[in-house]
Amino acid sequence: ETASYGAEVYLVPGSIADAGAVVKRACTERGWYDASTLKEPYRIEGKKTMGFELAEQLEWKLPDVIVYPTGGGVGLIGMWKGFAELREIGWIAHDDMPRFVAAQATGCAPIVRAFESGANESEPWPDPKTFAAGIRVPKALGDFLVLRALRESSGIALAVTDDEMRDMMRLVGTMEGMLVCPEGAAAIAAAAKLRRDGWIRDDESVVVFNTGSGLKYAESLQGEAARRLDAGALPDA
């Protein structure tokens, strides 16, 4: 997809951290500009507008809980920053701050581990494994900001399995007619867990972010693929 827009695409073996190391070298040796997560200020300012739009659509009354799939964490940090700015200018109440939830995969959950241990920064996750590429980030550069946002908002970090993501992708597709991405499914599955556990109450308003289309991950649902019929045959049922 990116190549079809005219970009030069290079595939780097390993994780996003390995790709980042190549970019860092290229910036030094080839004069590249690094526009990746938390390497420049504009991405957070852009992501911040999610919070502005959410506040506007809810008539300047924020939800009780926001659940966000967290890899690099820029979306969560951006909304947290945006809400603080809205409070400062008086557009939302001073005590109106949702509890943030960072949803991660059990195969790559550095934020969850740091949150549960009380650490202010995460440790790199060894051998990250999850089919949800957007949250397969072994260490977020802004992890300390994510953890600060979670704690200041009385939020939480929670991990779900890849199987739970796949099950939620199928459930949302069946019930809502939406093919959400696995990262979004992770957030929905996390919200469902927190509701079952009572952390989210039945009288609370909750916003869960789906950050992409499941079309990019169609291979992950191959078990649901159509079955081939021989010429002239009919299905069994």
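Of note:
- Of the beta bridges in the chain, as assigned by DSSP with both residues counted there, near 15 percent are antiparallel.
- Surface/4 of the Cα convex hull for region 108-204, nm²: 6.9
- Table column - 3J(HN,Hα) (Hz), region 136-151, Karplus curve with 6.51, -1.76, 1.60, x for Gly and Pro: 8, 10, x, 7, 7, 4, x, 4, 5, 6, 4, 5, 5, 5, 4, 6
- Over region 84-237, relative contact order from alpha-carbon pairs under 8 Å, at least 6 apart, %: 21
- Near Ala159, the amide H atoms lying under 5 Å from its own belong to Gln104; only residues 5 or more places off or on other chains count, and H is placed 1.01 Å from N.
- For Ser122, net neighbour charge (Lys/Arg +1, Asp/Glu -1) across residues whose Cβ lies under 10 Å away: -1
- When peptides 131-144, 197-210 are sorted by average Cβ neighbour count within 10 Å, with the highest value leading, the order is 131-144, 197-210.
- FRET efficiency estimate (nearest 0.05) - Cβ-Cβ, Arg151 to Lys39, R0 30 angstrom: 0.75
- For region 1-121, convex hull volume per residue from C-alpha positions, Å³: 168
- Considering helices alone, the calculated mean residue ellipticity of the chain at 222 nm is -13000 deg cm²/dmol, with DSSP H runs of length four and up weighted by -39500 (n - 2.57) and normalised per residue.
Each reported figure results from applying straightforward, stated rules to the coordinates on display, with no laboratory input. Bear in mind that the values here come from a model prediction, so they are computed numbers and not experimental data. Please note: Cβ atoms are built from the backbone with ideal geometry, for glycine as well, and neighbour counts cover all protein chains shown.
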